[in-house]
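Readers should treat all values here as calculations from the given coordinates under stated rules, not as data from a laboratory. Note that the structure is predicted; figures quoted are calculated from it, not measured. Positions of Cβ are generated from backbone atoms using ideal geometry, with glycine treated the same way; all protein chains shown enter the neighbour counts.
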Amino acid sequence: MATESRYDDPCGIARAMGVIGDRWAVLVVRELMFGARRFAQLRAGLPGISPNVLSQRLRELEAAGVARRTVLDSVNVTVYELTERGQALEPVLIELGRWGSQEPITSANDLSLSALMFALKTVFDPGGARDAVYAVRVGAETFTVTIVSDRIDVARGADPDADVTFDTDAATLRSVAFGRESVADAETAGRITVAGDRRLAARFGRLFPVPAHA
């Protein structure tokens, strides 16, 4: 379904902004990038959004063919997920995140878990990386981070054959991933549990350099 242009401009950028340019729309897409989410899970990842605004953005993304609503018959739960068109926004969001990472952080809020995992893709530095599969467990959520050559892939769910498994909380994962403390120090403090290849575990925090001012 085509959306009405708000800019009266035939440029592709203007047309894209007509779909995802409203406040919160891009962040809703970010929260859906790693798989289907329930409404409550989306709100938890976007604590500043009101239920009414989230409902409106989801309706607009559905109308634009970016997202779809599905009912899981086995548990009779409604979830939202990206369509193929929505998934195609991933490289756009990665580049937007890289551009934004050059800006100072002015918020004291924590990153949502989806935002944190997306940030890993944004700042990943392939220089010196070794092929590895990391399973990252944070509370009830598990992600698999796969490094192959100069590429990184992040997916929701655990790979049973992961080289390294981390079990931690979001704040510690952020601190370790972005080099603010070593995996060994966090493990000694009891805030992360590590299983698997210790060398690859120690290397994890060197894969995601962030600008010093950020």
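Data overview
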| quantity | calculated |
| --- | --- |
| Choice from 195, 25, 155 showing the highest fluctuation, given a GNM over the chain with Cα pairs closer than 10 Å | 195 |
| Segment residue 198-residue 40, length gained on full extension (0.36 nm per residue, minus Cα span) | 53.2 nm |
| Extended-chain gain in nm, criterion 0.36 nm per residue less alpha-carbon gap, residue 74 and residue 158 | 28.1 nm |
| Whole-number Å³ per residue for the convex hull built on Cα positions in region 1-110 | 126 Å³ |
| Nearest-0.05 FRET efficiency for residue 6 and residue 55, computed from C-beta distance (R0 22 Å) | 0.65 |
| Rounded if a/c under 1.5, otherwise prolate or oblate - region 72-214, Cα gyration tensor axes | rounded |
| Inter-probe distance in nm under a simple model that places probes 7 Å from Cα toward Cβ, at residue 22 and residue 63 | 0.7 nm |
| Of 107, 55, 74, the one that fluctuates the most in a GNM where the chain has Cα springs shorter than 10 Å | 74 |
| Top of 199, 68, 38 by mean-square fluctuation, Gaussian network on the chain, Cα under 10 Å | 199 |
| Unit charges on C-beta of K, R, D, E only; dipole of the chain, Debye | 260 debye |
